[in-house]
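Have a look at the structure below before the remarks.
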Amino acid sequence: MNVDLYERIWMMVVAVMLAVMFSVMAVAAIGHSETPPSHVETIDPSAVMRDARFRQFGVSVDQTGHLHATIVGTTFAWLPAKMTLPAATPVTFHVTSVDVIHGFEIVRTNGQTMVIPGYVSQFTTQFEAGDYMVACNEYCGVGHHLMFGTLTVVPRAEWHEPTVTYPGPTLAAAGGHDEHR
Ligand code: CUA
């Protein structure tokens, strides 16, 4: 088969680009544990409000002192719409939807996940002090643009630990800390 010289050069360039990109992904995923957030945790979307994991929204603390933020997406609001968290402290978010797909995004941070009915999205991150907008970044209906909340991050010394105990499985039981998997 006679392949034109220019075509052969382009094929080589494409092959090198693919090799470089796959290598970068492999190094990030295997070497730096930078895998996509979350894990496979399912929930009956019609029974979220009766589920022990989502009986209380908002910030809670588990037996080890680790913070959790439990959030439900619904057309067209995040429940709760307001949260306060301490700065420079890891927080594990658990987000689910009772209706359609939403996009949970804490604007200007790396806190972001799709929110799919039937699944509990989970990620762990931490913040610098400041006020953050929590937006929905997946079009979910006529009120999509109204679906936002606020996250206030205060210095640790100004923060009051919640009295609510995280009701879900511990991180170890849920498959470990997704930051370090
Ligand atoms: Cu929820 Cu867009």
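The values are calculated or read from the model by the stated rules, or taken from the named source; none is laboratory data. Remember, it's a predicted structure, so these values are computed and weren't measured experimentally. All Cβ positions, glycine included, derive from the backbone under ideal geometry; neighbour counts span all protein chains shown. To get the accessible areas, we keep the full protein, side chains included, count just its heavy atoms, and leave off ligands, DNA and RNA. Shrake-Rupley method; radii C 1.70, N 1.55, O 1.52, S 1.80 Å.
For a modelled paramagnetic label at M1, 7 Å from Cα along Cα-to-Cβ, the residues of the range 14-31 in reach, with backbone nitrogen under 16 Å, are 14-15.
From the alpha carbon centroid of the range 1-74 to that of the range 101-142 is 14 Å.
Rounded to the nearest whole Hz, the Karplus-based 3J(HN,Hα) values (6.51 cos²θ - 1.76 cosθ + 1.60, θ = phi - 60°) of the range 85-97 follow the sequence 10, x, 6, 6, 9, x, 10, 9, 8, 10, 10, 9, 10, with x at glycine and proline.
Per-peptide packing, taken as the mean over residues of other Cβ atoms within 10 Å, places 78-87, 39-48, 65-74, 130-139 in the sequence 65-74, 78-87, 130-139, 39-48 from highest down. Rounded to whole numbers, the Karplus 3J(HN,Hα) couplings from phi for the range 57-72 are 8, x, 8, 9, 10, 9, 4, 8, x, 6, 8, 10, 10, 10, 9, 10 Hz, using 6.51 cos²θ - 1.76 cosθ + 1.60 with θ = phi - 60°, and x at Gly and Pro.
Amide H contacts of Y166: V61, D62, each under 5 Å away and 5 or more positions distant or on a separate chain (H built 1.01 Å from N in the peptide plane; Pro and chain starts excluded).
With +1 on the Cβ of every Lys and Arg and -1 on the Cβ of every Asp and Glu, and nothing else charged, how large is the dipole of the range 51-181 about its Cα centre, in debye rounded to the nearest 20?
On the way: 6 positive and 11 negative charges, 22 e Å.
Result for the range 51-181 is approximately 100 debye, rounded to the nearest 20.
Protein heavy-atom accessible surface, 1.4 Å probe, per residue over the range 57-147: 41 Å². GNM on the chain, alpha-carbon springs under 10 angstrom: the most fluctuating residue among I30, I116, I106 is I30. Of the solvent-accessible surface of the range 41-181, computed with a 1.4 Å probe and all protein chains present, 56% belongs to carbon and sulfur. With a simple spin-label model that places each label point 7 Å from the Cα along the Cα-to-Cβ direction, the separation between W10 and H32 comes to 3.2 nm. The residue list V107, A69, H39 was ranked by how far each Cα lies along the charge dipole of the chain toward its positive end, using unit charges on Cβ atoms, and A69 comes out on top. The modelled label-to-label distance between H145 and T109, using points 7 Å beyond Cα along the C-beta direction, is 2.6 nm. Highest-first packing order for the peptide set 92-99, 22-29 is 92-99, 22-29, based on the mean count of other beta carbon atoms within 10 Å. For the range 104-161, the fraction of alpha-carbon pairs lying more than 14 Å apart is 62 percent, rounded to a whole number. Converting phi to 3J(HN,Hα) with the Karplus coefficients 6.51, -1.76 and 1.60 and the offset θ = phi - 60°, the range 3-8 yields 9, 4, 4, 4, 5, 5 Hz in sequence order, with x at every glycine or proline.
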